[in-house]
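Accompanying notes for the structure given below.
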Amino acid sequence: MALIRCDFHSEALGMGTAMTVLLPERADSTIGLTGSVPAGDPPMLYLLHGLSDDDTIWPRRTSIERYVAPLGLAVVMPQAGRSFYADEANGNRYWTFLSAELPEVCRSFFRLSQRREDTFVAGLSMGGYGAVKWALRDPGRFAAAASLSGALDVARRRDHPTSPVDPAVWRTAFGDRQVPGSDDDTVALLERAGAGCR
């Protein structure tokens, strides 16, 4: 696998940002790692980090490279701060960056499959919330989505007295806007999707 640290300017954020990318590479002579390269453009996984991490956490603390190398799967790991993958009320437009700009940036920088059946999204904690929110808001983009220990019910957790998230993080991400029932409420999104979401 080729591991790329990609620093670039984001128009949506109005500043420089980064992503870590794994690209398939044939690895016949690599000890302990077999690599596969698909015949066409490789399928891709957007892998979203949690609240206390950044885009480098997956290759630093997991075996993601070893898991995806034999699959010929590209992995895009964007940086999103502590944004809850939202267009922050008091900050940056991370939802716009993730859902609109990032796919275009990836298309312009790398040869990756654009087919729905080749595109996946997953995340941990805050990233699990972001992954499910993205899949529910744009179901035509993904073949599958996964949430690992996802903070999925932000609408109800935000004001809960035992929430482990600093209230300032909630204020920055969501401000005073009503999250319950909105497009930031994954439970409401799932209820709207109904039986069509499996």
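Below, the figures for the structure above:
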| quantity | calculated |
| --- | --- |
| Of the criteria (1) in contact with a Phe, Trp or Tyr (Cβ under 8 Å, 6 or more places away or on another chain); (2) under 30 Å from residue 166 (Cβ atoms); (3) modelled with pLDDT of 95 or more, which one residue 74 fails | (2) |
| Given (1) crowded, with 20+ Cβ neighbours inside 10 Å; (2) out of contact with any strand residue (DSSP E or B) (no Cβ under 6 Å at 6 or more places or on another chain); (3) among the polar types (S, T, N, Q), number of the condition residue 90 does not satisfy | (1) |
| Yes/no for residue 85 being among the aromatic types (Phe, Trp, Tyr), in a loop (DSSP other than H, G, I, E, B) and surrounded by 17 or more Cβ atoms within 10 Å (Cβ to Cβ) | yes |
| Flag for residue 99 being buried (at least 18 other Cβ atoms within 10 Å of the Cβ) and not charged (D, E, K, R) | yes |
| Filter pass, residue 60 being at pLDDT below 95, exposed (fewer than 13 other Cβ atoms within 10 Å of the Cβ) and outside any loop (DSSP other than H, G, I, E, B) | no |
| Output for the stretch 79-126, where each listed residue is within 14 Å of the chain's Cα centre (by Cα) and among the acidic types (Asp, Glu) | 101 |
| Identity of the residue in the stretch 140-168, acidic (Asp, Glu) and exposed (fewer than 12 other Cβ atoms within 10 Å of the Cβ), that ends up modelled with the highest pLDDT | 166 |
| Evaluation of residue 138 against (1) over 26 Å from residue 16 (Cβ atoms); (2) touching a residue at least 24 places away in the same chain (Cβ under 8 Å) (one fails), failing number | (1) |
| Cβ-Cβ under 6 Å pairs, at least 6 apart or on other chains, the stretch 75-99 side over 21 Å from residue 109 (Cβ atoms), far side modelled with pLDDT under 95 and among the aromatic types (Phe, Trp, Tyr) | 89/174 |
| Those residues of the stretch 40-83 which are in contact with a Lys or Arg (Cβ under 6 Å, 6 or more places away or on another chain) and among the charged types (D, E, K, R), in sequence order | 41 |
| Cβ pairs under 6 Å, 6+ apart, first in the stretch 169-196 and modelled with pLDDT of 90 or more, second surrounded by 18 or more Cβ atoms within 10 Å (Cβ to Cβ) and part of a helix (DSSP H, G or I) | 179/155; 180/155; 185/155; 186/132; 186/133; 189/136 |
| Selection status of residue 87, farther than 24 Å from residue 143 by Cα, at pLDDT 95 or above and among the acidic types (Asp, Glu) | yes |
| Residues of the stretch 165-194 satisfying the condition of being among the polar types (S, T, N, Q) and over 19 Å from the mean Cα position of the chain (by Cα) | 172, 178, 182 |
| Boolean, residue 44 is at pLDDT 95 or above, surrounded by 13 or more Cβ atoms within 10 Å (Cβ to Cβ) and more than 30 Å from residue 170 (Cα to Cα) | yes |
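The values are calculated or read from the model by the stated rules, or taken from the named source; none is laboratory data. As the structure is a computational prediction, the values presented were derived from the model and not from experiment. Using ideal geometry, Cβ is built from the backbone for each residue, glycine included, and neighbour counts are taken over all protein chains shown.
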